[in-house]
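Quick notes on the structure that follows.
The values are calculated or read from the model by the stated rules, or taken from the named source; none is laboratory data. These figures come from a predicted structure and were not determined experimentally. So basically every Cβ, Gly included, is an ideal-geometry build from the backbone, and we count neighbours across all protein chains shown.
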Amino acid sequence: MIRLTWRQFRTQAWVAIAALAAIAITFLVTRPSLSNMYSASGIAACQARNDCGSLAASFINQVRADAAYPVLYAVGVIVVFLVPAIIGMFWGAPLIARELEDRTYRLAWTQSVTRTRWLAVKLGLLGLAAMAITGLFSLIITWWASPLDRAATLGSPILANRMMPLLFAGHGIVPIGYAAFAFALGATAGALIGRTVPAMAVTIVIFAAVQLIMPNFVRPHLIPAAHTTVAVSAGDANWVAVGNGLLITGKAAIPGAWIFSESGHVYTGPAIQILKTCYNGPTSTPACGSAFASLHAQMLLAYQPASRYWPLQAYETAITLALALALAGICFWKIRRRLG
Amino acid sequence: MVSAVIETSGLGKAYRRTWALRDCTLAIPEGHVVGLVGPNGAGKTTLLSLAVGLLAPTCGTIEVLGEHPAVGPAQLAQVGFVAQDPPVYARMTVADHLRLGAWLNPGWDGELARQRTGQLGLDPRQRAGSLSGGQRAQLALILALAKRPGLLILDEPVASLDPLARREFLRGLMEAVAERGLSVVLSSHLVGDLERVCDYLIVLVASRVRVAGEVSALLASHRRLSGPRRDPATLPAGQEVIEESHTDKQTVLLIRTGEPVHDPAWTVTPVSLEDLVLAYMSQANGTRARRPQLGVVS
Amino acid sequence: MIEFQLDETSGVATYLQLVQQVRQALRMGMLEPGDQLPTAQQVVAKLAINPNTVHKAYRELERDGLVRARPGLGTFVTRSPSGTDPATQARFLAAMTDWLRSARAAGLGPDDIEAIYRTAFRDCFTEGAA
């Protein structure tokens, strides 16, 4: 059964290995000069000297100046996001759907192997392969990007850091969980729908939906958010009229953290009447400036600090793996029930 | 007492609101080549799929070789199946399919598989998708035979083959039966194929079994009676009319009976297997109720 | 060794055709006591029929005392059906041929001849065993 699984899966395996090799070579070759820039920047010892913010900023600007690096960084993240999706569509969806569509199940399920064992070996073996190959992709790309990720975490507010939604599932171990999930999703869609192309379509749509739902509704609450209030600086202040007061917000930056909720307060009173006339903000006139300063305006932030990166990765990986197992359970139920 | 290879009791299978098979009660004895005949859509594929565990019954029971179908590896190993329009993996070669057989069947006889493949002139390196219909059927038969089953089930194995390929397939099948005393159940909508090879017949029409038994017993118990025009109701109790036709002066009946016919008014002739099957098929369609006028109406 | 043929259109059961062909071969002298009949496998390989049919035919021939099955070795002819030798049969064949010629010369057609033959045959064999 193991040998049969490999034989039927050969083409997809070679494609994956070729892609992995291409990525590995590209990123291996470009890493050394990135490392050099990083060690030259002195960020490694910045915490002792307390100048992380400026060193990180200058390092990142230096990297950005080179045309290739930002592109490679983006490509790396996109690849790691895409690999689970592709696995779901091309490994998962055809697994059972193909057998049903081509009606070869009438051959496969009348040998001396029970349907349960047939499915268990296929899902187990290919699921593990999916996780392994995605893990390797993520390993290479995360390792390549680690100087940049470290810089972003330590101090630079200019760059999105690895905690943020756009990047979170592009590095680390979470892609492994997503690979298992996408594979199981594809296999289940194939088992329920019975045709390969519709199953591929359903898989990609649901996977994309999950990638949108996770950062917006689930990840913020995986660990109870940290809260803090920060003062709104005059230079960053913004307001909108609410009733007869003003809702004042500003810009917030916490190094390496993911701020997913910023709420300002509504202020009322005489100072507000003055500010309403300040069309260029608190810095328009000295009167505006003092009116603003008298408010001691603050914002409430809900965020996940940088230190929670690995715990969040672990929890999300566990959730996706649990989803994968649940989907696999549906697969087994469907295969055993539908046709006897 | 001969043991049954397939035993069903009140077996039925329904899809949404239509019954593909109902009230099916059979005891198919071992050591026979059993023909399952009936028109397309009668339920033959349904019955065979139930026997190999690809479908689950809606009601009733079925036991194959004394066990629930596909209940475990040992039972699966004992039953070989050749499905309709035999399925093959188009992109895998003939040799790959034989390897598949070896990997998935502990009882695999590689020597037999190689021998038959060579005998039939199948190129091991050819992709199964480019085989002709006859070659594909032969490959499926090799896969089913080389696992050394005690029971072989074939669903319309020769329906889409040309006459030569058909004869070759049946020859290969009968050789395997002669070598190993295999029990075989094969379905077809063509009676001619079955006459040569079957010694037990099941007629399935419109999802119900109409008649089942050893071919020699069936032929011995059915007769064609022709004579002057007569109402079939006047026949003695032991003679059941399966098919009737009348002209203004003549009546021809196909009857089933346990005793010889003594009435001198009848000319009694034996019935061929094909006529027997056709009679049961038309009985099932209710055409017996009609009395078509044949010949010249004066 | 005898080679069997199958006439699917004759309406005669397959096993009976095999029995008749063995009897005919014995009568014609093509099979002699001691000859081996084809094995079920050989017959099946040529005719693609059910091997049980072959077994049934051979069992009937054995019941009539014409052949004997020796386990592991095959089925062999024991004696010819009529118990008379080919020379006797040749003599009666010659007499029959002469009779037919003179009947034709006298103007009798095939149907007349057949009717006469059947009447005589029936009378002869219903009187009791010959």
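Residue-by-condition table, conditions (1) more than 18 Å from the chain's Cα centre (by Cα); (2) modelled with pLDDT of 95 or more; (3) among the small types (Gly, Ala, Ser):
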{"site": "B:Gly10", "(1), (2), (3)": "yes, no, yes"}
{"site": "B:Tyr15", "(1), (2), (3)": "yes, no, no"}
{"site": "B:His32", "(1), (2), (3)": "no, no, no"}
{"site": "B:Gly38", "(1), (2), (3)": "no, no, yes"}
{"site": "B:Gly43", "(1), (2), (3)": "no, no, yes"}
{"site": "B:Ala56", "(1), (2), (3)": "yes, no, yes"}
{"site": "B:Thr61", "(1), (2), (3)": "yes, no, no"}
{"site": "B:Gly110", "(1), (2), (3)": "yes, no, yes"}
{"site": "B:Gly118", "(1), (2), (3)": "yes, no, yes"}
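Of the residues making up the stretch A:246-267, those that are touching a residue at least 60 places away in the same chain (Cβ under 8 Å) and at negative phi are A:Ala253, A:Pro255, A:Ala257, A:Trp258.
Whenever a residue of the stretch A:212-228 is modelled with pLDDT of 90 or more, its partners that are surrounded by 13 or more Cβ atoms within 10 Å (Cβ to Cβ) and among the small types (Gly, Ala, Ser), lying with C-beta atoms within less than 6 angstrom and at least six residues away or across chains, give the pairs A:His227/A:Ala302.
If the requirement is being surrounded by fewer than 19 Cβ atoms within 10 Å (Cβ to Cβ), more than 11 Å from every other protein chain (Cβ to nearest Cβ) and at negative phi, which of these qualifies: A:Gly76, A:Gly135, A:Gly92? So that I can check it myself, show each step before the final result.
Values: A:Gly76 fails: surrounded by fewer than 19 Cβ atoms within 10 Å (Cβ to Cβ); A:Gly92 fails: surrounded by fewer than 19 Cβ atoms within 10 Å (Cβ to Cβ).
Selected residue: A:Gly135, the only one of A:Gly76, A:Gly135, A:Gly92 that is surrounded by fewer than 19 Cβ atoms within 10 Å (Cβ to Cβ), more than 11 Å from every other protein chain (Cβ to nearest Cβ) and at negative phi.
Can we say A:Thr5 is in a helix (DSSP H, G or I), surrounded by 13 or more Cβ atoms within 10 Å (Cβ to Cβ) and among the polar types (S, T, N, Q)?
Numbers: in a helix (DSSP H, G or I): yes; surrounded by 13 or more Cβ atoms within 10 Å (Cβ to Cβ): yes; among the polar types (S, T, N, Q): yes.
Yes.
If you filter the stretch B:46-96 down to residues that are more than 10 Å from chain A (Cβ to nearest Cβ) and part of a helix (DSSP H, G or I), you find that the one that is surrounded by the fewest Cβ atoms within 10 Å (Cβ to Cβ) is B:Ala95.
The lone criterion from (1) outside the structural domain of A:Leu212 (by TED's automatic domain parsing); (2) assigned to a helix (DSSP H, G or I); (3) of a type in the set (Val, Ile, Thr) left unmet by A:Thr317 is number (1).
Residues A:Leu123, A:Leu107: which one is touching a strand residue (DSSP E or B) at 6+ places or on another chain (Cβ under 9 Å), of a type in the set (A, V, I, L, M, F, W, C) and assigned by TED's automatic domain parsing to the domain that holds A:Arg49?
Details: A:Leu123 fails: touching a strand residue (DSSP E or B) at 6+ places or on another chain (Cβ under 9 Å).
Result of the check over A:Leu123, A:Leu107: A:Leu107.
Filter the stretch B:166-195 for residues that are in a strand (DSSP E or B) and of a type in the set (A, V, I, L, M, F, W, C); which is nearest to the other protein chains (Cβ to nearest Cβ)?
The initial filter retains those residues of the stretch B:166-195 that are in a strand (DSSP E or B), namely B:183-188.
Keeping just the survivors that are of a type in the set (A, V, I, L, M, F, W, C) gives B:184-186.
Details: B:Val184: 9, B:Val185: 13, B:Leu186: 11 Å.
Among residues in the stretch B:166-195 that are in a strand (DSSP E or B) and of a type in the set (A, V, I, L, M, F, W, C), the one nearest to the other protein chains (Cβ to nearest Cβ) is B:Val184.
Take the conditions farther than 17 Å from B:Ala83 by Cβ and aliphatic (A, V, I, L, M) and apply them to B:Leu36. Does it pass? No; evaluated as a whole, the condition is false for this residue. Among the candidates A:Ala297, A:Ala287, the residue that is closer than 17 Å to A:Ala231 by Cα and modelled with pLDDT under 90 is uniquely A:Ala297.
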